[in-house]
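Presented below is the structure to which this report refers.
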Amino acid sequence: MSTINVSVKLNMIDCGVCGGVYAITATYEDRCQEHGLTWTCPYCKTGWGYQESGHQKEVKQLKAQVERAKAQRAAAEDGRLGPRRGPTTKSTVPTATRAR
Ligand SMILES: [Zn+2]
(Lines give C-alpha, C1' and ligand atoms only; values in the text may rest on other atoms or scores of the structure.)
Protein backbone atom coordinates (compact mmCIF):
# COMPACT_ATOMS: atom_id res chain seq x y z
CA MET A 1 0.00 0.00 0.00
CA SER A 2 1.33 3.43 -0.93
CA THR A 3 1.08 6.50 1.25
CA ILE A 4 0.61 10.07 0.09
CA ASN A 5 1.62 12.85 2.46
CA VAL A 6 -0.19 16.13 1.87
CA SER A 7 0.40 19.39 3.68
CA VAL A 8 -2.46 21.90 3.72
CA LYS A 9 -2.54 25.08 5.78
CA LEU A 10 -6.02 25.45 7.30
CA ASN A 11 -7.50 28.41 9.10
CA MET A 12 -9.99 27.53 11.83
CA ILE A 13 -13.30 29.34 11.72
CA ASP A 14 -15.83 29.39 14.54
CA CYS A 15 -19.23 30.36 13.22
CA GLY A 16 -20.75 33.29 15.06
CA VAL A 17 -24.29 32.14 14.21
CA CYS A 18 -24.40 28.40 15.05
CA GLY A 19 -21.13 27.97 16.96
CA GLY A 20 -19.92 25.34 14.51
CA VAL A 21 -16.16 24.98 14.15
CA TYR A 22 -14.67 24.24 10.75
CA ALA A 23 -11.65 25.19 8.67
CA ILE A 24 -10.99 26.69 5.25
CA THR A 25 -7.64 26.71 3.47
CA ALA A 26 -5.40 29.66 4.27
CA THR A 27 -4.93 30.39 0.56
CA TYR A 28 -8.70 30.61 0.04
CA GLU A 29 -9.14 32.91 3.03
CA ASP A 30 -6.37 35.14 1.66
CA ARG A 31 -8.11 35.26 -1.69
CA CYS A 32 -11.43 36.14 0.00
CA GLN A 33 -9.74 38.98 1.85
CA GLU A 34 -8.04 40.25 -1.29
CA HIS A 35 -11.06 40.15 -3.61
CA GLY A 36 -13.96 40.59 -1.17
CA LEU A 37 -15.21 36.99 -1.58
CA THR A 38 -17.29 34.83 0.77
CA TRP A 39 -17.61 31.24 2.00
CA THR A 40 -20.53 29.41 3.61
CA CYS A 41 -20.68 27.76 7.04
CA PRO A 42 -21.07 24.01 6.35
CA TYR A 43 -23.50 23.62 9.28
CA CYS A 44 -25.96 26.54 9.19
CA LYS A 45 -25.17 27.76 5.64
CA THR A 46 -24.54 31.33 6.80
CA GLY A 47 -22.32 33.28 4.42
CA TRP A 48 -19.12 34.74 5.82
CA GLY A 49 -16.42 36.74 4.15
CA TYR A 50 -14.73 40.05 3.59
CA GLN A 51 -15.97 43.24 2.06
CA GLU A 52 -13.93 44.92 -0.61
CA SER A 53 -11.86 47.77 0.77
CA GLY A 54 -12.13 51.22 -0.77
CA HIS A 55 -8.74 50.80 -2.40
CA GLN A 56 -9.71 47.51 -4.06
CA LYS A 57 -12.91 49.09 -5.40
CA GLU A 58 -10.89 51.98 -6.83
CA VAL A 59 -8.47 49.60 -8.58
CA LYS A 60 -11.39 47.65 -10.05
CA GLN A 61 -13.07 50.83 -11.33
CA LEU A 62 -9.85 52.07 -12.94
CA LYS A 63 -9.30 48.71 -14.63
CA ALA A 64 -12.86 48.82 -15.99
CA GLN A 65 -12.25 52.35 -17.32
CA VAL A 66 -9.09 51.22 -19.12
CA GLU A 67 -10.94 48.27 -20.67
CA ARG A 68 -13.76 50.56 -21.85
CA ALA A 69 -11.27 53.00 -23.40
CA LYS A 70 -9.50 50.12 -25.19
CA ALA A 71 -12.80 48.81 -26.57
CA GLN A 72 -13.81 52.29 -27.74
CA ARG A 73 -10.48 52.79 -29.50
CA ALA A 74 -10.71 49.39 -31.19
CA ALA A 75 -14.24 50.20 -32.37
CA ALA A 76 -13.13 53.62 -33.68
CA GLU A 77 -10.22 52.06 -35.59
CA ASP A 78 -12.53 49.43 -37.14
CA GLY A 79 -14.88 52.23 -38.26
CA ARG A 80 -12.05 54.16 -39.89
CA LEU A 81 -10.60 51.20 -41.78
CA GLY A 82 -13.87 49.42 -42.65
CA PRO A 83 -15.20 51.54 -45.57
CA ARG A 84 -11.80 51.77 -47.24
CA ARG A 85 -11.45 48.00 -47.38
CA GLY A 86 -14.89 47.22 -48.83
CA PRO A 87 -16.43 48.36 -52.13
CA THR A 88 -17.71 51.94 -52.15
CA THR A 89 -21.46 52.58 -52.38
CA LYS A 90 -21.07 54.59 -55.62
CA SER A 91 -19.61 51.72 -57.64
CA THR A 92 -22.42 49.30 -56.68
CA VAL A 93 -25.25 51.64 -57.78
CA PRO A 94 -25.95 51.14 -61.52
CA THR A 95 -25.90 54.31 -63.63
CA ALA A 96 -29.33 53.52 -65.17
CA THR A 97 -31.04 53.59 -61.75
CA ARG A 98 -29.59 57.01 -61.01
CA ALA A 99 -30.78 58.48 -64.35
CA ARG A 100 -34.47 57.72 -63.68
ZN1 LIG B 1 -22.82 28.21 11.18
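The values are calculated or read from the model by the stated rules, or taken from the named source; none is laboratory data. In this text the structure is predicted, and so the values were computed from the model without any measurement. A quick note on method: Cβ atoms are made from the backbone with ideal geometry, for glycine too, and the neighbour counts reach across all protein chains shown.
Mind listing whichever residues of the range 22-32 are more than 16 Å from the chain's Cα centre (by Cα), away from the ligand (no atom under 13 Å from the Cβ) and not aliphatic (A, V, I, L, M)?
25, 27, 28, 29, 30 - these are the residues of the range 22-32 that are more than 16 Å from the chain's Cα centre (by Cα), away from the ligand (no atom under 13 Å from the Cβ) and not aliphatic (A, V, I, L, M).
Counting only residues that are assigned to a strand (DSSP E or B) and modelled with pLDDT under 95, how many does the range 22-39 have?
Result for the range 22-39: 1.
Using beta carbons and a limit of 8 Å, which pairs, at least six apart or on different chains, have the first residue in the range 20-42 and closer than 25 Å to residue 59 by Cβ and the second one small (Gly, Ala, Ser) and surrounded by fewer than 13 Cβ atoms within 10 Å (Cβ to Cβ)?
Correct list of pairs: 36/53; 38/47; 39/47.
Which one of the conditions (1) within 25 Å of residue 58 (Cα to Cα); (2) within 16 Å of the ligand (Cβ to nearest atom); (3) surrounded by fewer than 13 Cβ atoms within 10 Å (Cβ to Cβ); (4) touching a residue at least 12 places away in the same chain (Cβ under 8 Å) does residue 47 fail to meet, given that it meets all the rest?
Result: residue 47 fails condition (4) only.
Restricting to the range 33-44, give me the number of residues that are within 16 Å of the ligand (Cβ to nearest atom) and either of a type outside the set (A, V, I, L, M, F, W, C) or over 22 Å from residue 19 (Cα atoms) (or both).
4
Tally time: how many residues in the range 7-21 are part of a strand (DSSP E or B) and away from the ligand (no atom under 13 Å from the Cβ)?
3
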